[in-house]
1. Would you mind getting me the FRET efficiency between Asp81 and Asn208? Use the beta-carbon distance for r and R0 = 25 Å, nearest 0.05.
2. For Phe183, what residues show an amide H to amide H distance below 5 Å, using hydrogens built from the backbone and excluding near sequence neighbours?
3. If you rank Thr90, Thr101, Thr206, Thr78 by fewest surrounding Cβ atoms within 10 Å, what's the result?
4. Determine, for Val71, Val65, the number of other Cβ atoms within 10 Å of each Cβ, and report the residues in order from fewest to most.
5. Obtain the nm distance between the two label points defined at Ile117 and Ala225 by a simple spin-label model: each point lies 7 Å from its Cα along the Cα-to-C-beta direction.
6. What are the residues whose amide H is under 5 Å from the amide H of Ser118, where those residues sit 5 or more places off or on another chain and H is modelled from the backbone?
7. Distance in nm between label sites at Asp70 and Asn157, each 7 Å beyond Cα in the beta-carbon direction?
8. Straight-line reach from Lys94: which aspartates and glutamates have a Cα under 17 Å away, not including same-chain ones fewer than 8 places off?
Amino acid sequence: MKKQHVLGAMLFALIAAVSLTSSSKNVYGQTPETKTETQTQTQAQPQTQTPADETNFETQLYLLVGTNQDVAEGRIPTALDGIIKQLRATLPYKNYRLATTLVNRVKNEGRLDVNSISGPFVPVTSSQNIPQTTPSQFKIRQVRLVRENAQPLVQMNGFYFNSRLAIPVGAPVASNAPPPPAFNYESATLSTDISMREGEPVIVGTLNTGPSGDAIILVISARRAQK
């Protein structure tokens, strides 16, 4: 009877040892084949990427000239009717004319850098030997769409405009004398940060053109471009 009791105890211990070994393999064991399969499944899972913002803006920079001279104003875009009304109420100029318009396209959060040549901002007579063109540079460090009180706004950081104006100098001399310098180049520069409602033109600022008393008025607008 004692012998049977000892054999029973030994059999129970053996069964318990086999069960514990099998359970440990299930919990901690991982064969090389299983590990390789797990890595393959992980690598096969697609990686999600944040879609790029493809919003583009169309910007329009209008260069207006305010003058007290009797000159034909010419045709000014109807989009600037409100701006012209505002200028007449705030600036003492009799006439306004559109010198040039710069239209450009820029990506949201992108930058803009334009070098341009336009006609003279300062009135030039046929007898004056000065350039008939005016070089200008227009830059924006960043154009971005923002929201303020649920209202979309176009923000322009680092707006910069520079124009080299040919200013007439000297007085007429006798035809047999050496001609004096006809002009000097003077820089007119404006730098600022601005924001505006989309599609609504705003006055950025004004620049004096010299002894003529005229002024360059910078007006800009921006709207999301059609794809």
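1. Details: r = 25 Å, r/R0 = 1.00.
My answer for the efficiency is 0.50.
2. Answer set, sorted by chain and number: Val169.
3. Details: Thr90 10, Thr101 14, Thr206 18, Thr78 7.
Final ranking by Cβ density, sparse to dense: Thr78, Thr90, Thr101, Thr206.
4. Details: Val71 14, Val65 25.
By the 10 Å Cβ count, ascending: Val71, Val65.
5. In this crude spin-label approximation the distance works out to 2.5 nm.
6. Thr134, Ser136
7. Once both label points are built, they end up 5.1 nm from each other.
8. Asp70, Glu73, Asp81, Asp214
All of the numbers you see were taken from the coordinates with simple rules; none came from a lab. Worth saying up front: this structure is predicted, and the values here are computed from it rather than measured. Heads up, the Cβs are rebuilt from the backbone with ideal geometry, glycines too, and the neighbour counts pull from every protein chain shown.
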